[in-house]
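To start, the structure under review is shown below, and the notes come after it.
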Amino acid sequence: MRPRRHSDAGQAFPIYITVVAGLLFLAFAYVAVGQAAVNRGGTQTAADAAALAAAQDTRDQLAGKWVENVLDPTKWQDIFDGDVAGLVDSCGHADQLAGQNEAHVTSCPPPTGPPLQYTVAVESDKPVGDSIVPGTENTFSKAHATAVIEPLCEFRLPGTDARDDVLPKLTCKDRDWDLDPTDLTDLPGPEDLFDVHLAD
């Protein structure tokens with residue numbers, strides 16, 4: 001009777017199955033991480049867009065207030081600091097931009113400052129998705145962003161003996177605006193008066 005020979009192939013098969021199973025598990029894990037990263041990136045984009053939208057709307061309102069009070073330079077600084085009554089809540093614009101990026105606003109408190117800052121929090125509308133990680137099918141990405149409204153202009157109020165028909169020179173970044181109270185057709189726009197950017 002011949003001795004029984006053990007097959008090397010038979011011994012290697014269980015190891016092969018184990019290695020393949022391990023590689024498949026790692027592949028699915030990487031896919032899950034990738035899904036989460038993509039979802040998180042999209043939510044952060046939504047937060048950035050929402051914060052900028054709120055800040056830009058408020059900037060436009062402040063610029064409008066400045067135009068309304070252009071003949072009263074004593075009110076200019078308060079407007080540039082954002083300390084002015086009658087501004088309309090801009091969070092609706094934030095939610096609109098978040099919605100365009102498949103998210104919704106969860107927090108949009110009044111701006112703080114100066115300089116004025118909007119901090120907006122959002123949550124994704126879609127979950128991370130099914131994966132080997134338990135619970136991800138009901139997990140939604142969250143993110144927040146802060147946008148700053150920074151005044152770009154400087155001026156010096158005239159003395160008490162100044163003429164009433166003279167307005168201060170307004171210096172906005174690298175441009176000077178010599179304002180003529182009798183001809184106010186050429187005025188700086190919102191983007192000349194204020195800069196809107198995400199906080200560092």
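Just so you know, all these numbers are worked out from the coordinates, no wet-lab data involved. This structure is a prediction, so every number in the text was calculated from the model and none was measured.
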Would you mind checking which residues have amide H under 5 Å from Asp195's amide H? H placed 1.01 Å from N; only 5 or more apart, or other chain. Glu150, Leu152
Once phi for every residue in the stretch 55-70 is put through the Karplus expression 6.51 cos²θ - 1.76 cosθ + 1.60 (θ = phi - 60°), the whole-Hz ³J(HN,Hα) values, with Gly and Pro written as x, are 5, 5, 5, 5, 4, 5, 5, 5, 4, x, 5, 5, 4, 4, 10, 4
Under Karplus coefficients 6.51, -1.76 and 1.60, residue-wise ³J(HN,Hα) of the stretch 185-191 in Hz, glycine/proline x: 7, 10, 10, x, x, x, 6
For Ser141, enumerate residues with amide H under 5 Å from its amide H, sequence gap 5+ or separate chain, H modeled in the peptide plane. Ser124, Val128
Convert each backbone phi in the stretch 146-155 into a coupling constant with the Karplus relation 6.51 cos²θ - 1.76 cosθ + 1.60 (shift: θ = phi - 60°), then list the ³J(HN,Hα) values in order as whole Hz, x for Gly and Pro. 10, 10, 10, 9, 10, x, 10, 10, 10, 7
What is the set of long-range amide H partners of Val166 at a cut-off below 5 Å, with H atoms built 1.01 Å from backbone N? none
Under 24 Å between alpha carbons, and skipping anything fewer than 8 positions from Lys142 in its own chain: which lysines qualify? Lys126
